[in-house]
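The values are calculated or read from the model by the stated rules, or taken from the named source; none is laboratory data. Everything numeric in this text was worked out from a predicted model, so none of it was measured. Note that each Cβ is placed from the backbone with ideal geometry, even for glycine, and that neighbours are counted across all protein chains shown. Accessible surface is based on the protein model in full, side chains and every heavy atom, while ligands, DNA and RNA are left aside. Shrake-Rupley method; radii C 1.70, N 1.55, O 1.52, S 1.80 Å.
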Amino acid sequence: MDFKEIIEEIYLNVKNLDDKGKVATYIPELENVDPENFGVYITTLNGFKFGIGNYKDKFSIQSIAKVLSLNLAYQLIGERIWERLGVEPSGTAFNSLVQLEADNGIPRNPFINAGAIVISDILICNLKNPKEDFLAYVRNLSNNPELNYSEKIAASENEVGFRNIALCNFIKSFGNIKNDPTEVLDFYFNLCSIEMTCKELSEVFLFLANNGFSVNSKTSVLTKSQSKRINAIMLTCGFYDESGDFAFKVGLPGKSGVGGGIIAVHPNQYTIAVWSPKLNEKGNSFKGMRFLEEFTTKSELSIF
Ligand code: GLU
């Protein structure tokens, strides 16, 4: 399969599309990005690597980091994690409060904000120095000691984080947050502020294509069964209210973020990261979605 040729052709087609998307502005600092950025990077398990466009530029990975925090929490407390949150698509907005009342403070899944906030709480309970330890975990997975939080973006999100503050306090009222909400939110905002390039993103996530084994850190990050489960949650819940559409059109597990990044995983084959900051009305990268749809269609490779 000549991935290079396919990627080059699709990249040019999608680059020239009339992008109707809009850069996320609800976190003020996210606006400071060139909306025309567009990068792609693929890493295959058999050693092929290829990038095009702005694949070396760092961007805010936002919700994509929720997969990494879930991984670490799953590693630390195993199946007990599912006592604190579920694995069903929510069918509501990523920052919605409505279901929590009926569900007694148990978030529907780890990728909506409510779920990622509970995961943050679990990590704070189980790590000595939560922010430092989490960053060390991500650096180790990527074999890159330079990866970092963006203080600017975390502070910017904190300033306007009224909904997340409400979510955290609301969940705490049901007893499903154990720590001080200010500490939990500080961890959560930092988690979302991590910056990576498409290349780094694709490399960090390779363990999910490799049954939980990280080539970079040379360790089993997850068991085979856990890796299957994380991929399943990505497939069913990874794209806000557009997860069904992504599965339908692309046919791969993946996760998007409001910074315009998308990581998609083909188990036993590759990971591919795409970044273009303008988002469609569902909050996913307009060009990123189109690129991946054409990529699995032209390559005729998906999990289905
Ligand atoms: N930090 C963002 C928030 O809580 C994450 C949103 C996202 O990428 O989905 O609003």
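Of the residues in region 120-134, at least one is within 14 Å of the ligand (Cβ to nearest atom) and part of a helix (DSSP H, G or I). Only one entry of 49, 22 meets the criterion of being more than 16 Å from the ligand (Cβ to nearest atom), surrounded by fewer than 22 Cβ atoms within 10 Å (Cβ to Cβ), of a type in the set (Lys, Arg) and modelled with pLDDT of 95 or more, and that entry is 49. For the residues 6, 77, 64, the requirement of being of a type in the set (A, V, I, L, M), touching a strand residue (DSSP E or B) at 6+ places or on another chain (Cβ under 9 Å), surrounded by 14 or more Cβ atoms within 10 Å (Cβ to Cβ) and not in a loop (DSSP other than H, G, I, E, B) singles out 64.
I'd like to know if region 194-208 contains one or more residues that are modelled with pLDDT of 95 or more, open to solvent by 10 Å² or more (accessible area, probe 1.4 Å), on the phi > 0 side of the Ramachandran plot and touching a Ser or Thr at 6+ places or on another chain (Cβ under 7 Å). For region 194-208, residues modelled with pLDDT of 95 or more, open to solvent by 10 Å² or more (accessible area, probe 1.4 Å), on the phi > 0 side of the Ramachandran plot and touching a Ser or Thr at 6+ places or on another chain (Cβ under 7 Å): absent. From the list 177, 165, the one residue that fits, being among the β-branched types (Val, Ile, Thr), surrounded by fewer than 20 Cβ atoms within 10 Å (Cβ to Cβ) and touching a helix residue (DSSP H, G or I) at 6+ places or on another chain (Cβ under 9 Å), is 165.
Of all residues in region 100-119, those satisfying the criterion of being surrounded by fewer than 17 Cβ atoms within 10 Å (Cβ to Cβ) and either touching a Ser or Thr at 6+ places or on another chain (Cβ under 7 Å) or part of a helix (DSSP H, G or I) (or both) are 101, 102. Within region 276-287, residues that are farther than 14 Å from residue 11 by Cβ reach partners that are part of a strand (DSSP E or B) and open to solvent by 40 Å² or more (accessible area, probe 1.4 Å) with beta carbons closer than 9 Å, at six or more positions or on different chains, in the pairs 278/22; 279/22; 280/22; 281/22; 286/22.
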